[in-house]
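Enquirer: Next up is a structure, given as structure tokens.
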Amino acid sequence: MKISKWKIAAFLTPCILLFSLVFVIPMLIIIVTSFFDWKAGGIFNFVGLNNYINAFTADKRMHQAIINTLIWVALQATIHVSLGTLIAYLLSMKVKGWKVFRTIYMIPNVISSSVLAVILVNVFRAKGGLVNGIITKITGTTFTKNWFFDSDSAFITVTLTWLIYTGLIVIIALAGFMSVPEEIIDAARIDGASDAKLLFRIKLPLIRTVLGTCVILAATSKLTEFELIYLTTGGGPGDMTINLPLYLYKTSMIDNNYGYASMMSVVLVLFGVICVFLIHRIFRMNEADI
């Protein structure tokens, strides 16, 4: 049965209108206003590319935010995904208690970021914190390091608040490992393949696109990270742990500089597009696994 083009258009129109209202039109407004000097209560003053030039040449806070964001994206795409993939591989061997461990490991990913931030602030607290308490017990001397606000530990501590919590990556990678056909594994074992060769020559290549999806999810999540940083360090000490979303928030909601904030939004979107494009090419996401 041939469906009329008008019926197809009528069916798609509500979706297109909704998508335009919540995404396309706001994005166009952000792009346009990024070329203006626009503050709360002020008038629109067209400045061309001045916002972008200032951001990449004179704004040291912007430089620090970009550097931190890119470092966290790189760590998330490599160490975070690698750790999650390793745990998923160990779970795919179905050792005793693997289902219980899988459930427990997902808990930090299930609770909200605000709750996790409050827990971690207390864990790393200078006085009475769990980490300092353990170090005090081991060394026998009182240890009161302020992990989130000492300049020599703030960046690493903030990074650890998400780097080791790979629950989502574990679930996705585990599903990929479990989907590898048993016939291929059995044939490889008959040919004398070791566990290492099975992993690196068969299993990982066969779940390449699954791993690519994990890397995309992990990397882009750090381009939007806000709650954990805001509720733990607020970008401090100084600007040591500030990132683009947090700087965008401070520029728009505290400084009321909406034109400059729009420019940062455009930069953030461009980073996301470039990031997804590169990962897509590296993992050859448009090619079949088998």
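Where a number appears in this text, it was derived from the coordinates with a stated rule and is not lab data. If you're wondering where the values come from, they're calculated on a predicted model, not measured in any experiment. Heads up, the Cβs are rebuilt from the backbone with ideal geometry, glycines too, and the neighbour counts pull from every protein chain shown.
Enquirer: May I ask which residue of LEU70, LEU174, ILE111 lies farthest towards the positive end of the charge dipole of the chain, with charges of +1 (Lys, Arg) and -1 (Asp, Glu) on Cβ and the Cα centre as origin?
Expert: Working it through, the farthest residue towards the positive pole turns out to be LEU174.
Enquirer: Treating only the Cα positions of the stretch 126-236 as identical point scatterers, give the base-10 log of I(q)/I(0) from the Debye formula at each q in 0.13, 0.14, 0.17, 0.18 Å⁻¹.
Expert: The Debye formula, applied to the Cα set alone, gives -0.72, -0.76, -0.87, -0.92.
Enquirer: I need the shape label for the stretch 60-106. Rule: rounded when a/c is under 1.5, else prolate if a/b > b/c, else oblate, with a, b, c from the alpha carbon gyration tensor.
Expert: Since a/c reaches 1.5 and a/b is larger than b/c, the shape of the stretch 60-106 is classed as prolate.
Enquirer: Per DSSP helix of 4 or more residues, -39500 (n - 2.57); summed, then divided by the residues of the chain. What does that give at 222 nm, rounded to the nearest 500?
Expert: -18500 deg cm²/dmol, from helical runs alone.
Enquirer: Which value, in debye to the nearest 20, gives the size of the charge dipole of the chain about its Cα centre, when Lys and Arg are +1 and Asp and Glu are -1 at the Cβ? Could you put the intermediate results ahead of the total?
Expert: Details: 23 positive and 15 negative charges, 100 e Å.
It comes to approximately 480 debye.
Enquirer: Next up: Across the chain, where is the longest run that never hits trypsin sites (Lys or Arg not before Pro) in a DSSP loop with at most 10 other C-beta atoms within 10 Å?
Expert: In short, 128-290.
Enquirer: Which value, in debye to the nearest 20, describes the size of the charge dipole of the stretch 92-168 about its Cα centre when Lys and Arg Cβ atoms bear +1, Asp and Glu Cβ atoms bear -1, and nothing else is charged? Don't jump to the answer; show the numbers that get you there.
Expert: On the way: 8 positive and 2 negative charges, 92 e Å.
Computed about the Cα centre, the dipole is about 440 debye.
Enquirer: Another question, if that's okay. Below 19 Å, Cα to Cα, which aspartates and glutamates can LYS39 reach? Residues fewer than 8 away in the same chain don't count.
Expert: Once the sequence-local aspartates and glutamates are set aside, what remains near LYS39 is ASP59, ASP255.
Enquirer: Something else about it: Select from CYS214, TYR249, LEU231 the residue farthest towards the positive end of the dipole of the stretch 118-261; place +1 on Cβ of Lys and Arg, -1 on Cβ of Asp and Glu, and compute about the Cα centre.
Expert: Looking along the dipole axis, the top candidate is LEU231.
Enquirer: Spin-label point model (7 Å from Cα, Cβ direction): what's the ALA9 to TRP98 distance in nm?
Expert: 5.4 nm
Enquirer: Give the calculated FRET efficiency between ILE25 and HIS280 to the nearest 0.05, with a Förster radius of 41 Å applied to their Cβ-Cβ distance. Let's see the in-between values first.
Expert: Details: r = 27 Å, r/R0 = 0.66.
After rounding to 0.05, the efficiency reads 0.95.
Enquirer: Looking at the chain as a GNM with Cα springs under 10 Å, which of GLY234, GLY133, GLY192 has the largest mean-square fluctuation?
Expert: Per the Cα network of the chain with a 10 Å cutoff, GLY192 tops the list.
Enquirer: Taking the Cα centre of the stretch 1-90 as origin, work out the dipole magnitude from +1 charges on Lys and Arg Cβ and -1 charges on Asp and Glu Cβ, in debye rounded to 20. Walk me through the numbers before you get to the answer.
Expert: Values: 6 positive and 2 negative charges, 80 e Å.
Rounded to the nearest 20 debye, it is 380 debye.
Enquirer: Further, regarding this structure: For a quick check, take a GNM of the chain with Cα springs below 10 Å and name the residue from ASP59, ASP37, ASP195 with the largest mean-square fluctuation.
Expert: ASP195
Enquirer: Which of rounded, prolate, oblate describes the stretch 39-179, given a ≥ b ≥ c as roots of the alpha-carbon gyration tensor eigenvalues and a/c under 1.5 marking rounded, otherwise prolate only if a/b is larger than b/c? Could the numbers behind the result be given before it?
Expert: Working: a/c = 2.58, a/b = 1.39, b/c = 1.85.
Verdict is oblate for the stretch 39-179.
Enquirer: Still on this structure: Evaluate 2.2 N^0.38 Å with N set to the residue count of the stretch 59-282, then give the Cα radius of gyration divided by it. Show your work: numbers first, answer last.
Expert: Numbers: Rg = 20.6 Å, N = 224, 2.2 N^0.38 = 17.2 Å.
In units of the 2.2 N^0.38 Å rule of thumb, it is 1.20.
Enquirer: Could you list which residues have their amide H under 5 Å from that of ASP37, counting only those 5 or more apart in sequence or on another chain, with H placed in the peptide plane?
Expert: ASN45, PHE46, VAL47
Enquirer: Would you mind checking the pairs LYS222/LYS250; LYS60/LYS250; LYS99/LYS197; LYS94/LYS203 and listing those with alpha carbons more than 20 angstrom apart?
Expert: Working: LYS222/LYS250 18 Å; LYS60/LYS250 15 Å; LYS99/LYS197 26 Å; LYS94/LYS203 16 Å.
Exceeds cut-off: LYS99/LYS197.
Enquirer: For the chain, build the charge dipole from Cβ charges (+1 Lys, Arg; -1 Asp, Glu) around the Cα centre, then report which of ILE190, ALA10, LEU90 sits farthest towards its positive end.
Expert: Farthest along the dipole direction, towards plus: ILE190.
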